[in-house]
Structure formats: C-alpha cells, structure tokens
C-alpha cells in the first residue's frame, strides 16, 4: 500500500481564507472546488458536442425540414403525428421486448461465465476464454451481417444444419415475424457478451478474497455463497452493467439494419431505425428528431427507475 | 480569376456573364496559364468545326458559349460513389488523364458503403444535410428523380447542347432507353455510363447435370417453372440440396421482373413531354428512339393490379413448393455464395454478376446468362447509372468536363474492367471483354435493350426510398406466408397511396 | 458494517467429502458452460477466418467447413493491392490512441469528482451527464457536423478526436470504480498529510487501474471500429480510417469477393486483439497492484 509522504507546511502557512481555512469546513470547500475543476473537461466537451446538439435536435423536432428546402415551423405536429404512427408504436414495442430479452440474457450469461472463469484455473486458460468472448466485439457490423446471414440461413445455414442433426426442424430465423426478434437478440448478445463479461470479471476481481475465502472456510454452498455474498458485493457492477446494457440496447440499430432491415413487415424494426429512416431515408428531419426526443425521454425514465431501484439494494462498501 | 470558379447558381445568365468575364481575363493574360487555356480552346474549336460540318442544331434554341478558361488549378472535385468500383490503381488511372487535361485539378472519390442504392442515397443526403455535399455523385435510376426532382442536381441540357459535337459519338453508342431513363421532365440529368438489366443467370453445372444444357433465351415462364422444379433437390430428411431458383427481396431484381413480363408494374407509367431536342439532335435516324419523351413519370401506385397479383402468386408458389427459398432482404452476399457453390440453379442478375461470380471463385464456364423468360411479353427491367452534377458544386464547368471524361471509351475501359457492371456503350461489349469472366452468352446483356425496345427502368419516382421500403415490407410478409398475397398487395397499395397522396 | 454480517454467516456442518464433491460439481459445470459458450462465440469468427483463406464458392457449403485445410493467402494479398492498408492503419491508430488517452484523463477526473468528492449539485450534474449517454448518434450527427465545419475541422482527424474526449460512459465507469474503493486508504493518507490532489493521484488513481484498463480497452475497440462519424466527417481518401477503407473491398453492388472482405476484416482485427490481450494483462496486474481489500 502506497501512502504519500507529508508535503511540508506550505499549504498551512499561507494566510487563512475561506478556501484555505485549516478546518473541516475548509477541507470540504477545497474538495468541492476540486470537484468542479475536475468536471471542467468533461462538462465542456459534453455541453458543446452533445447537449448543445440535443437542444438543436429538440428545436428541429418542431419543424418540418427536408434538408433541401428551408425548415418550416409546425409546432407539435410531429409529436401528434407520431402518436398515431403505427410503425413508430411497433418500433417502440419491438425495442422494449428486445431490451428486456437482451439485457436479461446478456447479464445472466455474462455473470455465469464470469463466475466460471474466475474459478481456480490456469491463467493462460482464463486469458484464452476471455479473449474468445471478446473477439466478436472487435469485428465490424458489416462483416457480421454477411457471416450471420449465412449462419442463420434457413436452408443452408450451419445453425439449422446442426439443429437438424438433433432432430429439430429448420427455423426461419430471418423470415418469420415470430422468430426474427429472437435472431436479433442472439446476434446482439453474441456480439456484446464480451463487454458485460469483462465488466463482471473486473468486478469479481476487485472483490475481496478474504470474504470469498471466509465463505469457503465456512463451507457456504455454491448457490448460497452466490446469493448472499457474491451478488451483494457485485451489486455496483451489476447496476453499472444493467444501466449501460439497457442504454445501448435501447439504441440498437446495426444488427437489424444489416440483417433484416426491420422485416418481415415491421417485426424487427427498432426505434433508432425508425429515426434513421424518417430523418435520412424519407428526409423528414423534424419528424425523426421528434421520435429521437421521445426515445430520449424514455431512456431517461428507465434510467431514473434503475437508479431508484438500485438505492434499494446496491451495496457500496 | 476569382469570378471564374464561383459559378454558384447555374443559370444561363450566370454562365454567359462568367464566360464573358473569363474571356476578358484570358485576353488580358493576367493569370495566363497556357496549359489551362488549351483544352478549352480545343473544345471551342470542335464546337466551331461542328457548325461547319453542318450538324443538326434544330431544337437547341439556346446555346451557351463555352467559358474561355476552366479553372482547374487548386480545384478539387469531390465525387461520391457507391462502394468502390475502382481499386486505388484503376481510380488513379481515370483521374490522371483528366488532370493532364486540367492541370492542378484534384479529384477525390468518396466511396460510400451501402447495402443498396436507397441506402447509398441516404448517406449522400446525410452528407448534404451536414453541409458536406460532393460535386458529382454517382446516381442510379433509383435516385435520378430524387436528385432531379428535389433540386439536388442540375440539368445538363445546356452543356449537352453546347458540346453536342463532342458528344455525338457517345450518344450514337448508347441505347435510347438508357438515355431516356436519365431524363426528368424533359431535361437530361445524367450521361449513362453503365446499366444492369434483370436477366436470368443460370448455373450450367447444376442445370447440365439435370439434363438442361440447351436453354434458349427464347423461353417461357412455363419452361422456366418446369426446369426449376426438376433441378430442385432435397435429401431424405427434407434438407434442401439445390434450389431451382432464388431471389432477393429488393426493388431491382426482386419479383418486379415477373410483374414486367406479365404486363404489370408497381406504379403507373407515362412519359413526360419534352426532350425532343435530345432525340432530334442525337437519334434522328434511330428507329428505337421513336416515341420517346422527356423521361418517365411514375405518378400513381398500382400495387394490387391483377397482373401484379398473378406475378406474386407465381413466385409465392415457387416458395411454397420448395423450388425457391423464402427471399431475404439485403445485399445478396449469401446468394452469390450459394450460387457459386452450386446450391442455386437460376437467379436474377445483370452484367455486374459476371465480375461478381468471378470474384466468388466461379469458373467462367460454370455459369451463363439468358434473357428473362417470356410471359405475356419479354419486357425487361433495368437500372442505369451515371454521374449527376450537384447543385452545390463549386466549379460546375470543371465538373462537367469530368462528367464527359468519365463516359469516354477510354475511361469506361478502365473502370469497367473486371465486369462489375454492364457498359452503357454497346461498342464496349465484345468477346474480348468477357473472355476472362464469362458468361459465354454476353450478347444477352445488350440484346435485352435492342430486342425488347419496350424494356424500361424500374419505377423510381422521387419518393423511391419510401416506396421501396413499403414494397419490400409487404413482399416479405407475403413471401413468409404471414399475409395472403392479395391482402399484402392491397395493404401495399394503401400505404403507397398515403405516400403519393401527400404531393 | 454490512460486510461483517456477511462474514458472520452461520457455518453449516458439512463434511469435507460432501464439500469437495460439491465444489467439483460446480467447477466442472462452470467449465462445461464456458467451453460450450466459447465455441459458439468463436465459431462465426473461425468461419470468417477460414473463408478468408479460400473462395466464397468453397465456403457456403454444408456441412460447414470450419477449418481452412489447404489455405490460400491470395485474398490477403488482394487486400493490400486494393486498398492502402498501411495509411488506413496509421490513421486509425492515431485517431484511436488520441481518443483513448483523452478519455482516460477526462473520465478519471470526472469519475473521481462524482465518486469521491462532495459538492453542491453533484447528483444533478451526474444525472445530466448520464442523460447525454442516451442520445443516439444518428439524432445529433447533423448539428455536430455543422459545428465541426464552423470550427474549420471538417475532414481532419481532430474532428473525430476532440468531440470524443468527453465521455459520459467513461465517467460513469470510473465513478463506479472510485466508489468501490474503501475509505481507509484516504483516511490513512490524510493523516500522513497528503494533499487532496495527492490523495487522487497517488492513492485512488492507482487503485482504479482496473477501471482505467477496462475503459481503455472498450474505448479503443469502440473507436477503432467507428464507422458513422468518419463516414460523415472525413472526405479525403488519405484521411480515411480502416473501417472506412475496408468498405472498398465490398465492391460495387456487392460484387467484391466475400473472402477478400473477410481477409480485410481479419487483418483489421489483429491490432485490436493485440490491444485487448495487452490490456487484459494490465487489468489483472492492476487488480493485484491496487491491493484492494474488502
């Protein structure tokens, strides 16, 4: 454990004022000032390159603009239109189902895999496993589209081929409304599992060995240990993975766009796809922005809910 | 010199003024760059000589004069293109001769990766929305009316009229159907450089093994059906081994060709008036140019037309009987792989597939091409490609020079090497071109135009993006048997009507 | 303290044998799961790899050919012929590394502020930052690009680097890491007379090393594969990043060989894979070095 050496009397000898006061209050003030200073780079960057554009987007949602002609102010017309737009409503329900399935599958699998990998196994083996799960995250979506279109092909694809060997009839992965969302979930989880896994292994690695060993010595059974020790200790990490998982899943775009383009019908059309199509394909920038604003509000609510939920059980040491 | 390169608005008046200013400056010799002046002088000379040899100038009521100097020094042309038709080496090969003619000019290609043309336009429009518009954009039929109708591109009429002598040999070499597809409301927006008609590609190995080694281009839908049915193979467990036919759910080359041969179409078709100046100037003696107009108008949807229903029922039947798989949406990479690995006997494709199958590792004797089978007629569909001159282009004169440069035989030889598309100039289709890639029956590509003068472009109004989304959506539902064919077409019609009623 | 309760869980009287059998059972079940999942996860990538070593005609077959017996490296040669891979690689490296370094700085500062310092408005500002994470890129790309153009940064690497420095995700990640570190360290250091800045740089930052490693690896990966922003922001071929350059291989109307595409993908995967492997080791060492105690 490293601890810095005392740095001499310089700080204390200066004239007292509110910020340098050698008291608890002065210390709190110094810390608060430090907090603001530390936030400057991040706040500046986000204000200029994200929050500002968000307000521009919000403003755009009140206009009708096709990129080519000058924008025309139409008030909340875009919003009243989207409430009646069946494609938009379908895309929100698709996305909700998608997020629920994806996040629960991804978190469960990643947690189980992280626990398994953290067992007492050779280091190189642990590295190899982790690398294996991380590889899909490194590949480009365009390439994944080609590979997955082949893997999931109904007639000549390897997945149906191996399912067929165990007697399961061929599944229309890409061309059936009932199945296609599952296909997108599987592709997405396949690609992003490594992310959640690395977060969980990080969290588990950070966890106290003492607690684990104590539990071992006490002979707590696997499941009991998981439930009473590991999960509570891991809860900040789980919250993190859940929040990030939900947010990125809500923004799903690449996988359905390149694999099914939202079809068949609208059964795999997601919210960001609809935003993209409205704004760029149909040149309705205002309408697209309005849908984006709604998505933004939904994500805000969901995240607020997750944090509220977290207060009830996340355990910080 | 500044006045020369800032012709922002492209109007005749502007043009004349700029040309005048350019001429004045040129005589002053202030910025006298001899090399820059030369090519323009040459253009002026050829225009003059054409007048002398008595070329027809009838309909051309207004002829703009060429600017004396086209500024090229320090100028950059940005060209958005679909995917990348040229490797770095071949791209440089078409740019270099151009830069020789226009010293100091820089030409930058912006390759844009896209699934299909609609996706490509989306990205070009995103660039436009972000204020980063290219000077020239490669645009296919699918987007011609988006770019023309929304005022993103400017008509080429004045330029074409001005340089008609130079262009005469080009138009003589290009079928009028292709030119007409590039027109919008009487004006020409692109010089077609390539096209792809929806022909039938056949896997000769699969068909030969099943005893069909002599399919003629003069075949019917019924014969097609028989062949497709007979070559389809399944193993004992029902696992398909070979499909007789496969297609992709998209606008070009989806099931639209079946509509065409059955006398249907997704949209009503009519010809816009105008364009006579072009036909009279360049196609006076060509019988194929009779009754042409000023471009196509696709005004009303007619998705649930009985001929369309019949066509959809036919392709649906193929899938139901296991002759064809349920079509996928998308780019066709797997189709290319399946065809090349002898899992598919026949599919719709155009000249671009000659190069594509070669790249997929298929021997040039293992496949061939036939015309699309006859039903009520043998009317094919095609899509053509050219460059549009963007309204935001800063140096339009230079951009136009590049546009002409791109359709010369020399340039086409370079960038159509490897047969990744069909040349629009018929003189470029010859045995030598197809000796490496195949197919044996390469004549079919241009015969499609010559022998079926009613062959027409795919319907592509300015709303083509929305139209395509609706079209593929209900096609997908019908083909997956999640909606009866009739109901799917009715719903398609209803959605299309909503889009087109907004106008 | 809650952790004390955990330690005081009533011990159950298991016999050693039962305990060992049970341990073995969980161990092998875990290993079985992880092995099956790893195979499933890697299979498509293996297929891509072996396809890059032959033609599509030989690849789209049943039963699937997973292993590249009789490999042919021609597709890899084609990648180098068709695109200036070295230029793209260099551009991607410069851009990605600049972004990652910038993010490590901004995120550790902001994460520390949120995780360890108290100041008025902290929670509100944090919620605001979290909220920015939720806007899809597709919705803000136009205003951002207009801004980039106004700043005369269009078609520069800086246009990709500078806007990416501030990271809501990274801030959140680092906050979580700083929060997990127990108070005792700080208390000890303060007693020894360390200043606030020293507490941050000498105590907390090293302890948060695993978080930094994770951020670096994830951020490297995200920006290495980034496609949409470079597509809109960059126009000059010489400035292109690798993913932008790779699309060239798809060819016109998809006429390029799928195998050459796969070869390009595999080539572009190597640098990220190396970063991951190195980063992973650092991550493990970081955990050991930090000496975090419960």
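Every number here is computed from the coordinates shown, using simple stated rules; none is lab data. Given the structure is predicted, the values throughout are model-derived calculations rather than measurements. Please note: Cβ atoms are built from the backbone with ideal geometry, for glycine as well, and neighbour counts cover all protein chains shown.
Points worth noting:
- Cα-based shape type of region B:345-403, given that a ≥ b ≥ c are square roots of the gyration tensor eigenvalues and the cut on a/c is 1.5: oblate
- Contact order for chain A, expressed relative to its length and based on alpha carbon pairs under 8 Å spaced 6+ residues apart, stands at 25 percent.
- Here region C:109-155 is treated as a sphere whose radius is the Kirkwood value from Cα pairs; by Stokes-Einstein at 4 °C and 1.567 mPa s it diffuses with a coefficient of 100 µm²/s.
- Candidates A:132, A:249, A:241, ranked by Gaussian network fluctuation over chain A, Cα under 10 Å, top entry: A:132
- Theoretical ellipticity at 222 nm over chain A - DSSP helices of four or more residues, -39500 (n - 2.57) apiece, nearest 500: -22000 deg cm²/dmol
- Relative contact order, whole percent, for region C:14-72 stands at 29, derived from Cα pairs under 8 Å and 6 or more residues apart.
- Counting only DSSP beta bridges whose two residues both lie in region B:232-356, roughly 50 percent are antiparallel.
- Isotropic mean projected area of the C-alpha convex hull, region B:265-345 (nm²): 9.0 nm²
- Cα gyration tensor shape for region C:208-250, rounded if a/c is under 1.5, else prolate or oblate: prolate
- Nearest-ten-degree value, helix C:16-51 long axis tilted from longest Cα axis of chain C: 30 degrees
- Normalised by the number of residues in chain C, the average gap of Cα pairs under 8 Å and 6 or more apart makes the relative contact order 28 percent.
- Oblate is the label for chain C. Its Cα gyration tensor axes, ordered a ≥ b ≥ c, give a/c of at least 1.5 and b/c at or above a/b.
- Candidates A:143, A:32, A:122, ranked by Gaussian network fluctuation over chain A, Cα under 10 Å, top entry: A:32
- For chain A, built as a Gaussian network whose Cα springs stay under 10 Å, the top-fluctuating residue of A:171, A:243, A:103: A:171
- Convex hull volume of chain A per residue (C-alpha atoms, cubic angstrom): 232 Å³
- With a Förster radius of 60 Å applied to the beta-carbon distance between residue A:28 and residue C:39, the computed FRET efficiency rounds to 0.65.
- Calculated log₁₀ intensity ratio I(q)/I(0) where the Debye formula runs over C-alpha points of region B:209-249, q = 0.15 Å⁻¹: -0.43
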